[in-house]
Amino acid sequence: MRASAEPFLSLRGVSKTYRTGGRETVAVSDASFDLGDGEFLALVGPSGCGKSTLLKILAGLHPHDGGELRIGHAGFDPGRDIGVAFQAPLLLKWRRVLDNVMLPAEILGLPTKAARERARDLLALVGLEGNEDKYPYELSGGMQQRVSLARALVHDPKLVLLDEPFGALDALTRERMNLEIRRIWASSGKTVVLVTHGVQEAVFCATQVAVLTAGPARMADHFAVDLPEPRELAIRNTPEFGALARRVYDRLGIA
Amino acid sequence: MGALRRHAPAVLAHLAVLALWAWATSWGGVPRFILPGPLETIRALGAPQIDWWRHVLITAAEAFGGFALAVGIGVMLAVLFTWFAPLRRALMPLLVTLNLIPKVALAPLFIVWLGYGLVPNIAITFVIAFFPIVITTARGLAEVEPELLDLVRTVRATRWQVFRKIQLPSSLPYLFSGMRVAAVLAIAGTIVGEFVGSEAGLGFVIMSAQGTLDTPVMVMSLILVTLVGVTLYGLVVALERLVVTEDARLR
Ligand SMILES: Nc1ncnc2c1ncn2[C@@H]1O[C@H](COP(=O)(O)OP(=O)(O)OP(=O)(O)O)[C@@H](O)[C@H]1O
Ligand SMILES: [Mg+2]
């Protein structure tokens with residue numbers, strides 16, 4: 001059991017500078033933290049602080065240009081063990097819901113029958129049972145976002161990366177999705193990284209919070225959220241929750 | 001019932017034009033050598049010296065043939081453009097320039113090059129229908145959400161998979177909007193070809209009837225050309241209904 005002794009995710013001084021048209025933008029600088037197996041990390045910070053950039057580095061979409069990054073244990077394959085969902089659902093209009101969820105499985109060439117089974121189960125898990133044969137335009141925004149969540153999970157990735165997946169939703173739906181994502185996380189045992197600029201959302205969802213700030217880009221804080229499980233929305237009214245949220249606001253320089 | 005009510009205004013508008021035509025040529029006093037009435041026009045179908053079926057089929061063959069060729073080659077070129085960006089950068093501006101040539105003016109040249117018959121008319125139809133197809137399809141293939149590409153890249157989608165599963169299907173609404181424009185242009189191209197040099201087809205019938213001021217035959221030919229066009233356009237729309245989901249269609 002040596003593997004579980006070392007963290008699932010380990011960053012040491014990871015940084016990234018964009019160079020476009022002779023201009024340099026430091027998007028991420030000196031991001032350092034460890035994340036254990038099955039933890040839920042929230043990356044929180046204001047617009048432009050490099051949250052998406054960091055997530056894309058984790059997804060292997062952008063190379064980082066400084067520091068060290070290690071993801072997963074022996075046998076981790078970044079090409080099939082990572083699932084992602086973005087702010088926009090990005091569903092394929094011409095595919096029914098079930099076939100949208102199937103997309104990553106198809107690309108990876110997973111056995112169709114088992115993958116369809118799994119896609120169905122996932123749709124049930126996100127509360128979309130009975131909508132398998134609908135087209136995306138027949139779904140509400142929240143439902144579409146759930147489909148994209150199911151799609152991120154269909155190939156059973158070990159690491160799930162979510163870039164503001166609830167950003168476009170109304171407050172009520174968003175709260176419901178927070179509960180749902182926690183339920184899915186708790187039942188799946190996956191390691192999750194959630195990008196958000198909602199402080200409440202970050203503290204409520206995560207077991208660990210990393211606070212990023214912009215101008216200059218840096219990681220301002222990283223702490224564990226020791227709140228009882230399972231969490232209910234009412235937990236946000238407790239002094240413990242309030243203290244953690246205040247800590248984030250403090251780091252972000254919001255009094 | 002719903003469909004009937006929805007289409008009723010359009011059907012009424014068509015009937016109103018027919019009624020106006022009938023009225024103008026009877027009580028309206030428009031002389032028959034200017035515009036024959038509907039009945040007289042239909043009677044032109046009985047003209048013994050004209051093999052209507054043959055002319056309709058030839059015009060349809062030219063229009064459909066040139067159109068099919070434009071779709072085939074246009075889509076192929078658009079696909080090559082997305083696969084080989086340098087090719088697109090070289091040829092797309094050239095296509096825009098060539099598109100500015102008034103294509104109908106090429107008809108006489110085509111006849112010099114290709115002789116009389118089906119071939120030059122198919123060529124003219126092709127040239128005129130080709131541009132909207134390449135241009136819209138190339139745009140459709142290029143317009144894919146960058147984040148969607150990111151998403152499939154995390155599972156290492158191959159270029160072919162991206163093309164097959166994302167680019168091609170998402171370009172279909174664009175292709176069909178190009179095809180609708182091209183269908184209208186195709187008929188015009190065919191008729192111009194037949195005007196300029198031809199021994200058959202509805203365009204030829206119109207030109208020969210002009211010599212004898214046989215307006216009923218001219219108007220009848222016009223109606224038949226329109227019906228060929230309506231058929232081509234209708235096929236495109238029907239195919240679009242079949243393969244493109246309702247909310248993805250471009251209007
Ligand atoms: N592809 C790119 N090329 C150049 N600069 C970029 C690129 N992507 C992001 N940046 C810059 O890097 C910085 C961080 O961007 P990033 O998208 O990571 O921020 P973010 O925290 O996700 O913001 P938001 O909350 O608005 O999504 C910004 O200054 C942005 O302008
Ligand atoms: Mg972002």
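Details
- Meets criteria (open to solvent by less than 40 Å² (accessible area, probe 1.4 Å), out of contact with any helix residue (DSSP H, G or I) (no Cβ under 6 Å at 6 or more places or on another chain) and more than 16 Å from ligand 2 (Cβ to nearest atom)) for A:GLY36: yes
- Residue check: A:LYS190 meets all listed conditions (1) open to solvent by less than 10 Å² (accessible area, probe 1.4 Å); (2) within 12 Å of the chain's Cα centre (by Cα) but one, namely (1).
Here's the yes/no breakdown for (1) of a type in the set (A, V, I, L, M); (2) more than 16 Å from ligand 2 (Cβ to nearest atom); (3) touching an Asp or Glu at 6+ places or on another chain (Cβ under 9 Å); (4) at pLDDT 90 or above:
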| residue | (1), (2), (3), (4) |
| --- | --- |
| A:PHE40 | no, yes, no, yes |
| A:PHE86 | no, no, yes, yes |
| A:LEU91 | yes, yes, no, yes |
| A:ASP99 | no, yes, yes, yes |
| A:THR112 | no, yes, yes, yes |
| A:ALA115 | yes, yes, yes, yes |
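- Exclusive hit being surrounded by fewer than 17 Cβ atoms within 10 Å (Cβ to Cβ), free of Cβ contacts under 8 Å to residues at least 60 places away in the same chain and within 24 Å of B:THR41 (Cα to Cα), set B:LEU235, B:LEU213, B:LEU242, B:LEU222: B:LEU222
- Count of region A:47-60 residues which are over 21 Å from A:GLY253 (Cβ atoms), within 13 Å of ligand 2 (Cβ to nearest atom) and free of Cβ contacts under 8 Å to residues at least 40 places away in the same chain: 1
- Residues within region A:193-233 that are under 25 Å from A:ASP156 (Cα atoms), buried (at least 23 other Cβ atoms within 10 Å of the Cβ) and in contact with a helix residue (DSSP H, G or I) (Cβ under 8 Å, 6 or more places away or on another chain), tallied: 8
- Residue list for region B:140-157, restricted to those being at the interface with chain A (Cβ under 7 Å from one of its Cβ atoms), open to solvent by 70 Å² or more (accessible area, probe 1.4 Å) and in a helix (DSSP H, G or I): B:ARG153
- Filtered residues of region B:39-60 (kept if within 28 Å of B:ALA24 (Cβ to Cβ) and in contact (Cβ under 8 Å) with a residue 12 or more places away in the chain): B:GLU40, B:THR41, B:ILE42, B:ARG43, B:ALA44, B:LEU45, B:ALA47, B:ILE50, B:TRP52, B:HIS55, B:VAL56, B:THR59
- Of B:GLY37, B:GLY46, B:GLY29, all but one fail to be within 17 Å of B:ILE223 (Cα to Cα) and open to solvent by 50 Å² or more (accessible area, probe 1.4 Å); the exception is B:GLY46.
Here's the yes/no breakdown for (1) loosely packed, with under 15 Cβ neighbours inside 10 Å; (2) among the aromatic types (Phe, Trp, Tyr); (3) more than 30 Å from A:PRO136 (Cα to Cα):
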residue	(1), (2), (3)
A:GLY22	yes, no, yes
A:ALA27	no, no, yes
A:GLY50	no, no, yes
A:ILE57	no, no, no
A:HIS62	no, no, no
A:PHE86	no, yes, no
A:LEU90	no, no, no
A:VAL97	no, no, no
A:VAL101	no, no, no
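- When B:PRO169, B:PRO173 are checked against the criterion of being open to solvent by less than 30 Å² (accessible area, probe 1.4 Å), out of contact with any helix residue (DSSP H, G or I) (no Cβ under 7 Å at 6 or more places or on another chain) and part of a helix (DSSP H, G or I), a single residue qualifies: B:PRO169.
- The set of residues from region B:1-33 being of a type in the set (A, V, I, L, M, F, W, C) and part of a loop (DSSP other than H, G, I, E, B) comprises B:MET1, B:TRP27, B:VAL30, B:PHE33.
- Note on region A:147-170: among residues that are surrounded by fewer than 21 Cβ atoms within 10 Å (Cβ to Cβ) and among the hydrophobic types (A, V, I, L, M, F, W, C), the one that is nearest to the other protein chains (Cβ to nearest Cβ) is A:ALA168.
- Considering B:ALA70, B:ALA107, the condition of being out of contact with any Leu (no Cβ under 8 Å at 6 or more places or on another chain), open to solvent by less than 30 Å² (accessible area, probe 1.4 Å), at pLDDT 95 or above and of a type in the set (A, V, I, L, M, F, W, C) is satisfied by B:ALA70 alone.
- Output for region B:219-236, where each listed residue is in contact with a Phe, Trp or Tyr (Cβ under 8 Å, 6 or more places away or on another chain) and either part of a loop (DSSP other than H, G, I, E, B) or under 30 Å from A:PRO136 (Cβ atoms) (or both): B:VAL236
- For region A:42-67, the candidate set comprises residues that are hydroxyl-bearing (Ser, Thr, Tyr) and under 22 Å from A:ASN178 (Cβ atoms); within that set, the residue that is nearest to the other protein chains (Cβ to nearest Cβ) is A:SER52.
- In region A:148-164, the residues that are within 16 Å of ligand 1 (Cβ to nearest atom) and hydrophobic (A, V, I, L, M, F, W, C): A:LEU161, A:LEU162
- Scanning region A:123-158 for residues that are in contact with an Asp or Glu (Cβ under 6 Å, 6 or more places away or on another chain) and in contact (Cβ under 8 Å) with a residue 60 or more places away in the chain yields A:PRO157, A:LYS158.
- Residue within region B:181-197 that is open to solvent by 20 Å² or more (accessible area, probe 1.4 Å) and either within 14 Å of chain A (Cβ to nearest Cβ) or touching a Ser or Thr at 6+ places or on another chain (Cβ under 7 Å) (or both) present: no
- Only one of the listed residues (A:VAL225, A:VAL193) is within 16 Å of ligand 1 (Cβ to nearest atom) and among the β-branched types (Val, Ile, Thr). That residue is A:VAL193.
- Scanning region B:237-251 for residues that are in contact with a Leu (Cβ under 7 Å, 6 or more places away or on another chain) and either polar (S, T, N, Q) or assigned to a helix (DSSP H, G or I) (or both) yields a total of 1.
The values are calculated or read from the model by the stated rules, or taken from the named source; none is laboratory data. From a predicted model like this one, the values you see are computed outputs, not experimental measurements. Positions of Cβ are generated from backbone atoms using ideal geometry, with glycine treated the same way; all protein chains shown enter the neighbour counts. Ligands, DNA and RNA are excluded from the accessible area calculation, which covers all protein heavy atoms including side chains. Shrake-Rupley method; radii C 1.70, N 1.55, O 1.52, S 1.80 Å.
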